[in-house]
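Coordinate-derived values only; no laboratory data. It should be emphasised that the depicted structure is a prediction, and the values quoted were computed from it without experimental measurement. Note: ideal-geometry Cβ built from the backbone for every residue, glycine included; neighbour counts use all protein chains shown.
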Amino acid sequence: MSHRICTGISRRRLDKLTAELAPAWVAQQESRLRARRGRDRVRAEGAGPDHELPFSDRVIATLVVLRFQLPHAALAVFYGVHRSTITRAVGEIRPLLAARGFAVPGKPGLRLRTLADVFAYAAAEGVTLRIDGTEVQVRRPAAGRPGRRAFVSGKKKQNTIKSTAVSDGAGRLLWQGAFRPGRMHDVTAVRTEGIEDLLRAHPDVATEVDTGYQGLARDFPAQVSAPPKKPGQDAPAEETARWEQRRHQQSSQRICIEHAIAEPKQWRPLQRYLGRREHFQETALAIAGLVSDRAAAR
């Protein structure tokens, strides 16, 4: 199960990832046990029964679930444990993966966790950001539940969750966040994340966006570049030709964000998510963080 085909990462990276997550997992377990006991440990560490599924296997099982959206009961058969053991392992490891953040090319010790981190990094390194929204189909909310229509995407005509992705000029994913129901517009989702304040705080940071962010380009014309507006049907041929040229030029500078969005969607949960919607953000961040490690290594 540790093969790259199953986990999506090489065994060398799997070893490093396991060593990275181990201290956080141990601290998490100690905190949980302390809360359950209501007092400090009495026996020495290591006393009591061993875990039915070792930590390294917990990491592997979680990666397999993230990679293929495999049912927990099916994976439990491979390990010879109960389904609840796999569910518990995924519930422990997935938040640790989601909290890792995003890798930065050439800076192994630096991880970007918030949009503010991305803008600070872009300002320091002179990186032009590419911003775009992406959607993943999710399970439809139960009938009669408040906010049910909020997940219906006007673009895809499906129940989706929308997120915003940010990449650099090489198509390497630097951040993904602003998770909102699919009905919300792209620019509204990123505005609620505070991008306007960040653009004002970092006037030297430039961004490339698509037509969904025309309002942001209107408010920050010196920093946000969006495709030009299409001329009217009665416009002269020369004006239409200039528009086509400018549109293609802007598209060629922005297209790398599409590659950054497409790479995490090679993992099955981000093609169509079948789990509980409240776990989608953790799942997406865990996958995106793993993908950013590979992109930064390139």
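Annotations
- Of ARG100, ARG183, the sequence from fewest to most neighbouring Cβ atoms within 10 angstrom is ARG183, ARG100.
- Per-residue ellipticity at 222 nm, computed for the chain from helices alone with -39500 (n - 2.57) per DSSP H run of at least four residues, works out to -14500 deg cm²/dmol.
- Relative contact order of the chain, pairs being alpha-carbon contacts under 8 Å that are 6 or more residues apart, as %: 20
- Order of LYS265, LYS157 - criterion: other Cβ atoms within 10 Å of each residue's Cβ, fewest first: LYS157, LYS265
- For the stretch 4-98, the relative contact order works out to 33 percent when only alpha carbon pairs closer than 8 Å and six or more residues apart are counted.
- Computed from the alpha carbon positions, the gyration tensor of the chain leads to an equivalent ellipsoid with semi-axes of 41, 22, 18 Å, biggest first.
- Sequence-distant lysines (8 or more away, or on other chains) whose Cα lies within less than 30 Å of LYS156: LYS229, LYS230, LYS265
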